[in-house]
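The values are calculated or read from the model by the stated rules, or taken from the named source; none is laboratory data. Given the structure is predicted, the values throughout are model-derived calculations rather than measurements. No Cβ is skipped: glycine too gets one built from the backbone with ideal geometry, and neighbour counts run over all protein chains shown. Keep in mind that these areas ignore ligands, DNA and RNA; they rest on the heavy atoms of the full protein, side chains included. Shrake-Rupley method; radii C 1.70, N 1.55, O 1.52, S 1.80 Å.
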8 protein chains.
Amino acid sequence: MPKIGIIMGSDSDLGVMQEAGKVLQDFGVDFEYKICSAHRLPYETERYASTASERGLQAIIAGAGGAAHLPGVIAAYTIIPVIGVPIKTNTLSGIDSLYSIVQMPRGIPVATVAINGAANAALLALQIMALQEHALQQKLLDFRADMAHEVMLKNKKLNEIGAKDYLEK
Amino acid sequence: MPKIGIIMGSDSDLGVMQEAGKVLQDFGVDFEYKICSAHRLPYETERYASTASERGLQAIIAGAGGAAHLPGVIAAYTIIPVIGVPIKTNTLSGIDSLYSIVQMPRGIPVATVAINGAANAALLALQIMALQEHALQQKLLDFRADMAHEVMLKNKKLNEIGAKDYLEK
Amino acid sequence: MPKIGIIMGSDSDLGVMQEAGKVLQDFGVDFEYKICSAHRLPYETERYASTASERGLQAIIAGAGGAAHLPGVIAAYTIIPVIGVPIKTNTLSGIDSLYSIVQMPRGIPVATVAINGAANAALLALQIMALQEHALQQKLLDFRADMAHEVMLKNKKLNEIGAKDYLEK
Amino acid sequence: MPKIGIIMGSDSDLGVMQEAGKVLQDFGVDFEYKICSAHRLPYETERYASTASERGLQAIIAGAGGAAHLPGVIAAYTIIPVIGVPIKTNTLSGIDSLYSIVQMPRGIPVATVAINGAANAALLALQIMALQEHALQQKLLDFRADMAHEVMLKNKKLNEIGAKDYLEK
Amino acid sequence: MPKIGIIMGSDSDLGVMQEAGKVLQDFGVDFEYKICSAHRLPYETERYASTASERGLQAIIAGAGGAAHLPGVIAAYTIIPVIGVPIKTNTLSGIDSLYSIVQMPRGIPVATVAINGAANAALLALQIMALQEHALQQKLLDFRADMAHEVMLKNKKLNEIGAKDYLEK
Amino acid sequence: MPKIGIIMGSDSDLGVMQEAGKVLQDFGVDFEYKICSAHRLPYETERYASTASERGLQAIIAGAGGAAHLPGVIAAYTIIPVIGVPIKTNTLSGIDSLYSIVQMPRGIPVATVAINGAANAALLALQIMALQEHALQQKLLDFRADMAHEVMLKNKKLNEIGAKDYLEK
Amino acid sequence: MPKIGIIMGSDSDLGVMQEAGKVLQDFGVDFEYKICSAHRLPYETERYASTASERGLQAIIAGAGGAAHLPGVIAAYTIIPVIGVPIKTNTLSGIDSLYSIVQMPRGIPVATVAINGAANAALLALQIMALQEHALQQKLLDFRADMAHEVMLKNKKLNEIGAKDYLEK
Amino acid sequence: MPKIGIIMGSDSDLGVMQEAGKVLQDFGVDFEYKICSAHRLPYETERYASTASERGLQAIIAGAGGAAHLPGVIAAYTIIPVIGVPIKTNTLSGIDSLYSIVQMPRGIPVATVAINGAANAALLALQIMALQEHALQQKLLDFRADMAHEVMLKNKKLNEIGAKDYLEK
């Protein structure tokens, strides 16, 4: 049974949103993908959101671009945390998506991450779940230690071979 | 029976949106006001939009600020024209509202006017209605002639008394 | 006899604007294209707009980029609805076009759609015409049902083959 | 023992951030305030974040303006969810704060809300806590019902007395 | 007979535009004011521009705000230099005006000055006229010398009384 | 003897600025190119500007990108008209160049054209020169007639072969 | 003999720039004020910069607004560090000033601080001077300790009297 | 022993930041590279900054992109000058990086250079060091003379072969 829903306004957002899926998979957390347009499929979208809690979802990660209403519309139908991912757009680079998602009115929050920040959306969902699941806490600490270790290895390599060789390899 | 619905995301938008009402009143066209938050009152909002056509509405003028989803959400539930009015905001001056309203994805258009442009939203609704109602065409032409006349009177006054006196009076 | 005029400031806008033509063609609505620069062909442009109503046009879709005056200038000479399409520009990505089109002063509205949103401009014109033509209403409802159906098919495929295969195909 | 930490970069942010405190108080959730500058008090800030989990905090709400590093710096030292509130600034209206908070690099998420959106930050924290505390779920549903009810009452009043009187009272 | 036309889209721009008039007056150059809306008075505006040259105008200074089409529209009907003054707006601070004026397409230039820069528009017109009128050249050099002298006097005062007293007086 | 100076901050701007040269060449007006960095060659730049008038220059066209000081610095040393061309930049697309050029303080105007608008800068210089040279007036009128004619030919072609063929050819 | 020059484009910038003077005064470092317009007083400005080093200046703090060329122009004439302070403007809030100062081309750096950040400009100058003057190092460390102490006192007060009383006092 | 630290938030910034290294190398000044993420390696970053002074560093050049906290975080732990390089980003072109770096609060300055301006960051560091090292002063003056000479050579070439050939070669 999926714990996290990864939804998006269009299948053209899947390339970005699957980074969230990959992170959840690495952490062994079940999730589901759904294309869920607030504008083209409004009734389905409403149903998806309003039944999310009873279906056991712990959070919904919603990506959308342009006039990106999906995260906010979803958030209006559920009280589980909704994490919004502004998708980069061809014309306004995702500023339109960002403003449409983050500037929610008082009463209905959307937890917004960076433009195209789907991986961080998944990590945020994991940090939320980890409050109750101790095994996830350890995995998150390990993930951070791995990140730190990776930077240290890069530093070692950079010191050893210098910037010129580092960039060429 | 109202021909035009003037809706808004919050009663704090009423000061701006009533300019639309005043224009419609001047043209003798029936309308209704409704506070219709896409986020705080989603089911009501859906019902309002999905029944708009059968209730005889010719257009819906929807004002909203910030992550301004109302016009787009309304547009998803009806095929009568939806006119969006981005409301000026305290923080981003209404750029957030503008992007959230105008950058709609392919399939669901919203006819967007200027930030706080509620009067023009009403005039656009009237121009749409005038395609079928010839009496409205004449009224619109008269309105334009009045506007032109008013500018000409101002020019006359400016020429007569000069810029300094014009500004002081 | 064309019902809709699709005009543009330059033939370099035709690639974007023909998306409007394609939509109208799909709906079986007659239209005409015209390159109609507000700056390079001002008298022709004025004549085009001021005779639009008597020639039977129901709406004018006007695309322009940069200091995009065409939609507003057209709107000054006619009371039929003018729909503005801000064209993406090389330097400012179309923000210049958007502001030049949407920020019209009180009295002369332009119904603005998304940057490069020519398809939505056509749909908006169709929604306006559908107020009088019942056959168009049904076609618009069918169009929306098709859009919804298409998203559902994509969801089915995504569930069946997963994100990785979906993206590769 | 506080469940939520409300921290801010400067006491000049307290006027905004106390809206978060008020919401938490209304929901009966213990919290603590702390001024915690990432730049002026870096060691204290590090210690606050790195001990947050063991002290029983469920989430940290961090407000900051300008080059708003506090939420991101905090997030680097803990794996409990960090909610960022971009504070409106005198010069750039909070766009600087927003970009500094939301555009976090891969690995360290910050759940960003609207500029000055402290109340929503608190609601988001409550939605996160409600995943484990069923009593909070009911309170959140009641809160939403109250919001909806309030809008309906406003609609009733607006219909009864009209826009003019509504605005004057 | 006026040498310079100072025109504006609305009499609300007169407060800014009269700074151009004051400069011209100081230099003893005849000018005329005209409210000349591209949208509300299009035929008059066209006539004003297309007869400007034969009436002896040397340049037209055109101020407008929002979707500021006036300078570009004027420029389409004349080959005398058109100087555009973007007027500050309530919502977008004049960025909309600036983009609408400066981003003219190839073929029809508008000489754009700063937002609300009407005084500089007049100085630019004077610099253009001075190419033929040697008396104006001397006046412009004197004007510059006066500006430099004024700064030097301010420096003298600042050195004598210090910053604190300078600011208080 | 050159009548117009075309200067630029760096030889990387030459690709854009030579469009100004081409226009002047087409009109048979003598000009000179000069790389004239306000920052890397300040004394030369000062000398170029302060001697421009006595060398017979009628206008200086100055292109620069980023913190684009060249046009304003030039304008401080001469009273002949200075036309600024903001060059598109890799990072901020030329908004930095535009603001650096157009927002000049009271006293020293720069006639700013569109980002990368070098051709219009040349046309503006020609319109300024045409106030004294009647032959240039006729050439400018011919140029405009040619532009209009070209658009009409394109319309003819578009009507004959349709949008699809037009775009493919 | 002054060690630091605090210069500004206009005496209207003095209110902001004197914050730099106050900081230097607190640290007991001699400085001088000068109004030094790159546009209105170009020769004086050049002389000021080109003689700065021999007069013993260690750094120049230059504030300017709009098309803010002063810091960059100064930097072209000297190799002592130039610190730029973008002044907030009425129209573009200082974004114009910021871009005009920070986006300097390769070869001539300007050390840019925040919009209106004159106090930080002074601190940066002190940090530069402290590399050679050990007494200044200790003063800077004390200044930082005082800042930290002040925040801790505010925290103490906030904990004792609560947010409500804190805000009211 | 390195005099300058060149640090960056990620090895993806190395391509830009090595331009700083190249400049320092050309001037014969020792430096070190370090990848030093404020978010992924916070303790290491803190240590690097807090020991910088005693290790003999004269300045730290810190590059970072997006929510670019590295320069400001470093600056909080040291009183040697910190020079921030905003790295261009894929989504917001580096405006996010710029605002995150330049808009530092009162008390902790970061000397910000242009987006991707790593070479200027190095030159600024050299100008700071040159205050004490006279040999560096001469090298900086030579560097400037070389830059000026290079521009003059380009001018010579441009005059000799013309713009067309210049661009083709």
Worksheet, complete the sentence: Going through (1) open to solvent by 10 Å² or more (accessible area, probe 1.4 Å); (2) in contact with a helix residue (DSSP H, G or I) (Cβ under 6 Å, 6 or more places away or on another chain); (3) more than 7 Å from every other protein chain (Cβ to nearest Cβ) one by one, G:ALA122 fails only at (1)
Worksheet item: So which of C:TYR33, C:TYR43, C:TYR99 ends up being among the hydroxyl-bearing types (Ser, Thr, Tyr), within 29 Å of E:SER97 (Cβ to Cβ) and modelled with pLDDT of 95 or more?
Response: C:TYR99
Practice prompt. Evaluate region F:125-142: report whether one residue or more is touching a residue at least 12 places away in the same chain (Cβ under 8 Å), farther than 27 Å from C:ALA38 by Cβ, more than 7 Å from chain E (Cβ to nearest Cβ) and open to solvent by less than 10 Å² (accessible area, probe 1.4 Å).
Written response: no
Worksheet item: If you scan region H:37-66, which residues turn out to be over 25 Å from H:LEU126 (Cβ atoms) and under 18 Å from the mean Cα position of the chain (by Cα)?
Response: H:SER37, H:ALA38, H:GLY66
Item to complete: Could you check, for region D:33-48, whether at least one of its residues is touching a Gly at 6+ places or on another chain (Cβ under 7 Å), within 28 Å of D:GLN132 (Cα to Cα) and open to solvent by 20 Å² or more (accessible area, probe 1.4 Å)?
Response: yes
Worksheet item: Out of (1) over 23 Å from G:LEU41 (Cα atoms); (2) away from chain E (no Cβ under 14 Å); (3) touching a residue at least 12 places away in the same chain (Cβ under 8 Å), what's the single condition that is false for F:ILE161?
Response: (3)
Worksheet entry | Complete set of residues in region E:143-156 that are more than 30 Å from E:MET129 (Cβ to Cβ) and open to solvent by 80 Å² or more (accessible area, probe 1.4 Å) | E:LYS156
Worksheet, complete the sentence: Only one of (1) open to solvent by 10 Å² or more (accessible area, probe 1.4 Å); (2) under 27 Å from B:THR89 (Cβ atoms); (3) charged (D, E, K, R) does not apply to D:ARG106, and that is (2)
Discussion item. The conditions are (1) at the interface with another protein chain (Cβ under 8 Å from one of its Cβ atoms); (2) free of Cβ contacts under 8 Å to residues at least 60 places away in the same chain, and D:GLN58 fails exactly one of them. Which is it?
Written reply: (2)
Worksheet item: Across region D:83-98, what is the total count of residues that are under 9 Å from the mean Cα position of the chain (by Cα) and more than 8 Å from chain A (Cβ to nearest Cβ)?
Response: 2
Discussion item. Among the residues that make up region B:62-76, is at least one of them open to solvent by 10 Å² or more (accessible area, probe 1.4 Å) and more than 14 Å from chain C (Cβ to nearest Cβ)?
Written reply: yes
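Helices (runs of 4 or more DSSP H) wholly in region D:3-102 with at least 1 residues that are more than 23 Å from G:GLU160 (Cα to Cα) - which ones?
Fully inside region D:3-102 and qualifying: D:42-50, D:70-76, D:95-102.
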Practice prompt. Go through region C:3-32 residue by residue and tally those that are surrounded by fewer than 17 Cβ atoms within 10 Å (Cβ to Cβ) and in contact with a Phe, Trp or Tyr (Cβ under 9 Å, 6 or more places away or on another chain).
Written response: 2
Worksheet item: How many residues does region D:42-55 contain that are free of Cβ contacts under 8 Å to residues at least 40 places away in the same chain and either in contact with a strand residue (DSSP E or B) (Cβ under 8 Å, 6 or more places away or on another chain) or among the hydroxyl-bearing types (Ser, Thr, Tyr) (or both)?
Response: 6
Item to complete: Being touching a residue at least 60 places away in the same chain (Cβ under 8 Å) and surrounded by 22 or more Cβ atoms within 10 Å (Cβ to Cβ) is the filter here, so list the residues in region F:77-103 that pass it.
Response: F:VAL85, F:ILE87
Item to complete: Specify which of the listed residues (C:ILE101, C:ILE80, C:ILE115, C:ILE108) is more than 18 Å from B:GLN127 (Cβ to Cβ) and facing another protein chain (nearest Cβ under 7 Å).
Response: C:ILE115
Discussion item. So for region A:91-99 (the condition being in contact with a strand residue (DSSP E or B) (Cβ under 9 Å, 6 or more places away or on another chain) and among the aromatic types (Phe, Trp, Tyr)), does at least one residue qualify?
Written reply: yes
